[in-house]
Amino acid sequence: MKITLWYPVTGRLSVLSILFSVLSITAMAQTDADAIMMEKNNFCTGAMYSYSSWKNYWEGTFKRDNANFGTVSTKMIGIMGNYGISDKLNVLFSIPYVQTKATAGTLHGQKGVQDLSLWIKYMPFEKKIGPGTLSLYAVGGFSFPVTNYVVDYLPLSIGLRSKNISLRGLVDYQVKNWFATAGVTYINRSNIKIDRDSYYTTELHLTNEVDMPDAMQYQFRAGWRSDRFIAEAVLSNWTTMGGFDITKNNMPFPSNKMNMTAVGVSGKYNVKAVDGLSIIGGGNYTVAGRNVGQSTGIYGGVFYILNFNKKKKTTEQSSDKK
Amino acid sequence: MKKQILFSLIMVVGVSLVMLHSCTKSVAGRTDDISALQPSKTDANAGTWKPILLNAPDEFAVAAPIATNSPDYIAQVNEIKAWQKNISEKEKEMVKYWSAGAVLRWNEILRELVAKHNLPPYQNADGTYPFPSANNPLAYPLFPFANPPYAARAYAYVSAAQYDALVAAYHYKKLYNRAAPYNVDASINVMVNKSDLPSYPSEDAVVEGAAVEMLKLLFPGDQDFIQQKATEHKNARIISGANVRSDIDAGEALGKAVAQKFVTRARGDRAGAAIGNQAGWTQLENDAIAKGETPWYSLEVPKRPPMLPLFGKVKAFLFDSLTMVTQIRPGPPPLVKSDKMKQETDEALENIKNDTREHYRIVHYWADGVGTATPPGHWDAIAAEDFIKKNYSEVRWARNMALLNMSLMDAAIVCWDAKYYYFNPRPTQLNPAIKTLTGIPNFPAYISGHSTFSGAAASILSYIIPENADKYNAMAKEASLSRMYAGIHYRADCEVGLVTGGKVGAYAVARGNSDGAGN
């Protein structure tokens, strides 16, 4: 679906790497994960704010709370952009500032700029099949930390520091205004370095380097979209391919087996009065997990499309032709 | 259309290749690949060194070995050859791993056990806490909770038992003077460094036997893991051609017999009662109030009983309790209501507000908290990695580790004595705005455990490797400072802790000067 040109980037914020606190935000609307393309020479940029928190978490498979953390919250402000190199090839970026806090206990919260994420998104196939339109997408991503933030301090770390290479496939099918999108992502994560020079997982490691297990992400989204509105329900799952469980009453560790399944809703509105301006919002809730917090999150953002095409027409109008 | 599909295929393949490339990311440990131990001197006279508990090196008898021309011995040599003929890759790795040094590897295994067990028990539904039971070690909470005092004591007993067992072994090596199998039969393929040291009884098996026997007491729930390591160790020595089976059997038996003496001491050293009881915990609180002081309170929710309040009563290795109370116990901390204490609490607040990245690095490098080998284990790691470079004989390895770990255990005793004698609150108890850069340990502040451990370790290690003295002192200072940066200690805790630890280390230095080993 490439015609909804006003449709903004709706930040993934590279939160894939903040699993323990805020994995649920991955369930948010996310342009690198949706079946939407920017048209050639259009640049959509904007900012997003999100808040998520959890009181209960899974220590391995054991669900518990912890009065020494109380409620752990993560606030995030992200800036992101999406540029159409062509109608079928987009490049995207996002960079978030993250702040964590625990309402109880004595641990000091963390804040800082986290990881820069870059994606190339390509739509090789779009064809009318049956009553609707089928389109396929491939998204390659790379993310890396841009500051030297503390990683080995979960659940209050702002990220996991690994450099990630991701490859995603998306299938979208739209009948009139109704659509469904399914996606699978493989995330390869680099080793990370921590401040300690030894650590115990299921055995003792005499090194400061930590092998980060790779991960898979699955998502399914369905809803209604037009040139002015999008409303959708999102089901997403993150599964770590390896890693180990937090042992009883231990602290979490970056290479834990962090899994989670979240449900959410998201919506976008293209402001009629200002061409190219849109607002987004949504929320999500973690329904199942392992070695992660059971977070609930909300978010909202404002985006604007700059059209670098020489022609006078707005992107939206041009889209009507298709 | 075709072009587009081709392009997307190229992209997919390209990204996949990059991913495969970066998939090779297994992480090696610092001591995984070190070479076989080649002692710079054999220390063949170590049988004359002063033991710690043994009355004499021949307190436990070791029978004379069979002659190297006997059919039985030849059969044992053939066992080596048969094993080597069908050696597997896994066995080669085993030989390489153990050839790095017996004392080193058992110290690493012990650190691993400590890290696994260094977890405070999860609370009961009613907000009380269960305690681990040595009689039922596999039931939750697992026994032991290897907290810093428990760990310090474990490292000390294992090291000390290994040292005494090796002194005895070297005595018999010299007495019986049976050559190593490769010096008897030159056709044996030797996979370790050759030595002129007599091989009966095997020093490796002595170290293994002493460790296994001590660990039955200290980590009773991990016997499968420990026995597996022991079997691998013994087999590795035979496979490598370093020992025949009778070297191993005699060594293991000697190691276990000597360790029994340490087990008996450990059973009576009062550590078993160090947890105390509710009446005792309340008494500590009331005593502090009676003195006009603010007592320590647990900052955990629910409040957890203080960690091992009677550990200060444990029998030390390097001095008696009267010496500890009169010569080593530090003077009191600033009164809780004094200006000095207010000033130090304000300093703790300033420290956590100034939470620079470098402060986090220092705090987390030295934190050695839950799920780690503890500060004593960290100092063992620092020492071990330096000892590797010194090419010590096994007996010198054991002697130096014993000096270090007796210092650390006795530092724990002195530190815990002070903590519960003064029962001083943590900075965050006096000012809840102090949000710490690492977890607050569940015991009183004065004096800092990290500082006491580090002061003791730096003192004895500077004696053992004088050229590293500046490094050890700088590390100890940083470890001590890390607790202030973290906001979990006052300046007085750290400064007095470092000095007090140094005093403990001096007793180990005195022992080192008189044990006949020289440096």
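The values are calculated or read from the model by the stated rules, or taken from the named source; none is laboratory data. These figures come from a predicted structure and were not determined experimentally. For neighbour counting, all protein chains shown are included, and Cβ atoms are generated from backbone atoms with ideal geometry for every residue, glycine included. Keep in mind that these areas ignore ligands, DNA and RNA; they rest on the heavy atoms of the full protein, side chains included. Shrake-Rupley method; radii C 1.70, N 1.55, O 1.52, S 1.80 Å.
Observations
- Rounded to whole Hz, the Karplus (6.51, -1.76, 1.60) HN-Hα couplings of segment B:86-93, x for glycine and proline: 10, 5, 9, 4, 5, 5, 4, 4
- Among the residues of B:26-36, the average count of other protein chain beta-carbon atoms within 10 Å of the residue beta-carbon is 3.
- Inter-chain Cβ neighbour average for residues B:102-115, partner chain, 10 Å: 2
- With 20 Å² as the minimum drop in accessible area between chain alone and full protein complex (1.4 Å probe), the qualifying residues in segment A:130-171 are A:138, A:148, A:150, A:153, A:165, A:167.
- Segment B:76-267, relative contact order [Cα under 8 Å, separation at least 6], %: 28
- Integer Hz, Karplus 6.51/-1.76/1.60 couplings in order for segment A:91-101, x for Gly and Pro: 10, 9, 9, 8, 8, x, 9, 10, 9, 10, 7
- Label reach from residue B:431 (point 7 Å along Cα→C-beta): in segment B:482-519, amide nitrogens under 17 Å belong to B:483-494.
- Protein-protein interface of segment A:193-208, residues with accessible area decrease of at least 40 Å², isolated chain reference, 1.4 Å probe: A:195, A:196, A:197, A:200, A:204, A:206
- Label-to-label distance, nm, for residues given as residue A:146 and residue B:177 (7 Å Cα→Cβ offset): 7.6
- Counting only protein heavy atoms and a probe of 1.4 Å, the accessible surface of segment A:15-308 is 63% carbon and sulfur.
- Peptides B:350-357, A:158-165, A:106-113, B:158-165 ordered by average Cβ neighbours within 10 Å, highest first: B:158-165, A:158-165, A:106-113, B:350-357
- By definition, a body whose alpha carbon gyration tensor gives a ≥ b ≥ c is prolate when a/c is 1.5 or more and a/b is larger than b/c, and segment A:157-215 fits this prolate description.
- At a probe radius of 1.4 angstrom, the accessible area of chain B per residue rounds to 39 square angstrom.
- Protein accessible area in segment B:192-243, 1.4 Å probe - carbon and sulfur %: 41
- Total accessible surface hidden between B and A, rounded to 100 Å², 1.4 Å probe: 4400
- Magnitude of the charge dipole, segment B:272-514, Cβ model with Lys/Arg +1 and Asp/Glu -1, debye to 20: 200
- Residues residue B:89 and residue B:194, FRET efficiency given R0 of 22 Å [Cβ-Cβ distance, rounded to 0.05]: 0.40
- Taking chain A as a Gaussian network of alpha-carbon nodes connected by springs under 10 Å, the highest mean-square fluctuation of the residues A:258, A:48, A:216 belongs to A:216.
- Pairwise FRET efficiency - residue B:519 versus residue B:321, Cβ, R0 = 35 Å, nearest 0.05: 0.75
- Value of relative contact order over chain A, rounded to a whole percent, pairs C-alpha under 8 Å and six or more apart: 21
- A Förster radius of 45 Å combined with the Cβ-Cβ distance from residue A:203 to residue B:339 puts the calculated FRET efficiency at roughly 0.35.
- Chain B: angle of helix B:102-117 to the longest principal axis, Cα-based, in degrees nearest 10: 40
- Whole-angstrom gap from segment A:140-180 to segment B:187-264, using each part's C-alpha centre: 51
- Counting protein heavy atoms only, segment B:370-512 has 58 percent of its accessible area on carbon and sulfur, 1.4 angstrom probe.
- Taking the Cα centre of the protein assembly as shown as reference, the dipole from Cβ charges on Lys and Arg (+1) and Asp and Glu (-1) amounts to some 2940 debye.
- Computed lengthening from residue B:82 to residue B:140, 0.36 nm per intervening residue step minus Cα-Cα distance: 16.4 nm
- Backbone amide hydrogens, once placed in the peptide plane, bring residue A:85 within less than 5 Å of A:41, A:90, A:91, excluding anything fewer than 5 places away on its chain.
- Normalised by the number of residues in chain B, the average gap of Cα pairs under 8 Å and 6 or more apart makes the relative contact order 19 percent.
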